[in-house]
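Since the structure comes first, as structure tokens, the remarks are kept for the end.
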Amino acid sequence: MKYSQKETGLRVTLIKNNLKINDIKELSIQISLNGLSFCILNRTANEVTFLKTIDFEQKQMPDAVLNHLKEELSSNPAFSEDFNEVLVIHQNELSTLVPEELYNKENKVDYLKFNSKILRNDFITEDYISINKSINVYVPYVNINNYIFDTFGEFVYKHSSSILIDSLIQNPESTTEEPTVYVNVNKNTIELLVIDKGKLQLFNVFEYYSKEDFIYYVLFVFEQLKLDVEKSHVLLSGNIVIGDENFVMLYLYIRHVTFIEKSYAFNIVANTNRRYLHQHFVILNSF
């Protein structure tokens, strides 16, 4: 059967509409040495259509993480589509926060080396966090960035703590009378933030290997800032659920412990348990 040029053009348009290949889609990829997370947002439909986390049994080296990433991107059909924007989120302990007014780009190595163990050939970059006028200096995974560029072309990358700080300062609960303590839990690290009346009072990352380590660092922050365990609220995100040993330890020592809840500007239709959306807090707030 033959089609005129007009008929063919109409047919192609109908096919495109049916397949939704003109939809605006964005991909976020969260990288850590303990796992990977992926999220696809369809801007046209205003829906998160894909959300997946891969946890490694053991902490990996960056080259091994890259191999896991290659395998997932090449084998999963969700990533065979074209994306209008790609964001890579680097999650590691190699970061430090500097007030904008004190920041000098020439000294970024010095800022970082006081808080983190860095190598001579590490590439160091920075994110600007406009909401509190600070600079987040950090070491990204360069091998990951190179591969993403080769695979998708131009993309954006940020440190996970930049997204965390920005989103939590904007959280309505950050304007309460008592300071709010946010604990973002990873496999072997916790990110602790204290926000008082919409302003960041503290941000730090602690490495832990037991439930005793975990509660020690949380209570240490309470002690240092003279917070009241009977009044200040702890809001949780990341790799923690009711009943696990870290949650139980928190509940023993602190009166108000709950999981962070947020209303997103998009619908989440991906196959995921909505009770555990707090586990995907960083990547969902990356859009």
With springs only between Cα atoms under 10 Å, which of Q60, Q30, Q91 fluctuates most in a Gaussian network model of the chain? Q60
Which one, V269, Y111, A45, is farthest towards the positive end of the dipole of the chain when Lys and Arg carry +1 and Asp and Glu -1 on their Cβ? A45
Using a Gaussian network model on the chain with a 10 Å cutoff between Cα atoms, which of F155, F114, F266 fluctuates the most? F114
Take every DSSP beta bridge with both residues inside region 124-272 and express the antiparallel ones as a percent of the total, to the nearest 5. 65
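Please report the orientation-averaged projected area of region 51-172, defined via the convex hull of its C-alpha atoms, in nm². It would help to have the intermediate numbers written out before the result.
Numbers: hull surface 38.1 nm².
Average projection, Cα convex hull of region 51-172: 9.5 nm².
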For the chain, what is the charge dipole size about the Cα centre, in debye to the nearest 20, if Lys and Arg each add +1 at the Cβ and Asp and Glu each add -1 at the Cβ? 840
Among N22, Y253, Y182, which residue has its Cα positioned farthest towards the positive end of the charge dipole of the chain, with +1 placed on the Cβ of Lys and Arg, -1 on the Cβ of Asp and Glu, and the dipole taken about the Cα centre? N22
With a bin width of 10 angstrom, please list the P(r) values of region 137-287 as percents of all Cα-Cα pairs, from the 0 bin to the one holding the largest distance. 10, 38, 35, 14, 4, 0
Solvent-accessible area per residue for the chain (1.4 angstrom probe, square angstrom): 57
Can you tell me which of 209-219, 184-194, 72-82 comes out highest on packing, and rank the rest after it, using the mean Cβ neighbours within 10 Å? 184-194, 209-219, 72-82
Using alpha carbon coordinates only, what is the Rg to Rh ratio of the chain, with Rh defined as the Kirkwood radius? 1.02
Give me the aspartates and glutamates in straight-line cross-link reach of K211: C-alpha distance below 13 Å, same-chain residues under 8 apart excluded. D244, E245
What is the spin-label model distance, in nm, from K105 to I54 if the labels are put 7 Å beyond Cα along the C-beta direction? 3.5
Of all DSSP beta bridges having both residues in the chain, the percent classed as antiparallel (nearest 5) is 65
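The values are calculated or read from the model by the stated rules, or taken from the named source; none is laboratory data. Only a predicted model underlies this, so the values are computations on that prediction, with no experimental measurement involved. Glycine also receives a Cβ, built like all others from the backbone with ideal geometry; neighbour counts cover every protein chain displayed. With ligands, DNA and RNA removed, areas are computed over all heavy atoms of the protein, side chains included. Shrake-Rupley method; radii C 1.70, N 1.55, O 1.52, S 1.80 Å.
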